[in-house]
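Please read through the structure below; I'll follow up with questions.
The values are calculated or read from the model by the stated rules, or taken from the named source; none is laboratory data. These numbers were taken from a predicted model, which means no experiment stands behind them. Don't worry about glycine lacking a Cβ; one is built from the backbone with ideal geometry, like all the others, and counts go over all protein chains shown.
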């Protein structure tokens, strides 16, 4: 009698994402004079893809609270003429964390055009 050994051939591919949904902050953004004088509501939605091989512990994760605090710090004192410039500043800050592989960032002005619920941009940037 011959004994057969079966190898477990299951392999997995997956990704890990940190999600920040509908973060609304007052900030100074825009090219119009009235936008430079008064802060406006801006909504952020962010998906951050991290290295899926990192162990899930407090030292190795990307902390969403830190991400939110970075956004608040960057937007608190600075005026950004364009959402695109704001997005690049946010990318520069977030990609300092080497665990981050990809960021999908959506930024929307909520009160700038009456006929819309929002206008904005969505940018995806990936570390190569």
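Of these, 67, 62, 29, which one is in contact (Cβ under 8 Å) with a residue 24 or more places away in the chain, under 20 Å from residue 125 (Cβ atoms) and over 14 Å from the mean Cα position of the chain (by Cα)?
Matching residue, one of 67, 62, 29: 29.
What number of residues in segment 83-98 are touching a residue at least 24 places away in the same chain (Cβ under 8 Å), closer than 14 Å to residue 42 by Cβ and touching a helix residue (DSSP H, G or I) at 6+ places or on another chain (Cβ under 9 Å)?
The total comes to 1.
Kindly indicate the residue of segment 61-70 that is in contact with a strand residue (DSSP E or B) (Cβ under 7 Å, 6 or more places away or on another chain) and under 19 Å from residue 98 (Cβ atoms) and also surrounded by the most Cβ atoms within 10 Å (Cβ to Cβ) among those meeting that condition.
Looking at residues that are in contact with a strand residue (DSSP E or B) (Cβ under 7 Å, 6 or more places away or on another chain) and under 19 Å from residue 98 (Cβ atoms), I get 67.
Just to be sure I understand, how many residues within segment 113-128 are surrounded by 15 or more Cβ atoms within 10 Å (Cβ to Cβ) and either part of a strand (DSSP E or B) or modelled with pLDDT under 95 (or both)?
The qualifying residues number 3.
Follow-up question, since we're still on this one. Any idea which of 109, 101 is under 22 Å from residue 15 (Cα atoms) and in contact (Cβ under 8 Å) with a residue 24 or more places away in the chain?
Checking each option against the conditions leaves just 101.
Something else about it: How about segment 1-57: which of its residues are within 24 Å of residue 90 (Cβ to Cβ) and assigned to a loop (DSSP other than H, G, I, E, B)?
Scanning segment 1-57 gives 15, 30, 31, 32, 38, 39, 51, 52, 54.
Now a separate question. Looking at residue 3 and the list (1) over 23 Å from residue 102 (Cβ atoms); (2) surrounded by 14 or more Cβ atoms within 10 Å (Cβ to Cβ), which single condition is not satisfied?
All conditions pass for residue 3, except number (2).
So which residues in segment 70-79 are in contact (Cβ under 8 Å) with a residue 12 or more places away in the chain and over 21 Å from residue 49 (Cβ atoms)?
72, 75, 76, 78, 79
Moving on. Can you pull out the residues in segment 77-107 that are closer than 21 Å to residue 32 by Cβ and either at pLDDT 95 or above or in contact with a strand residue (DSSP E or B) (Cβ under 7 Å, 6 or more places away or on another chain) (or both)?
79, 80, 81, 82, 83, 84, 85, 86, 87, 88, 89, 107
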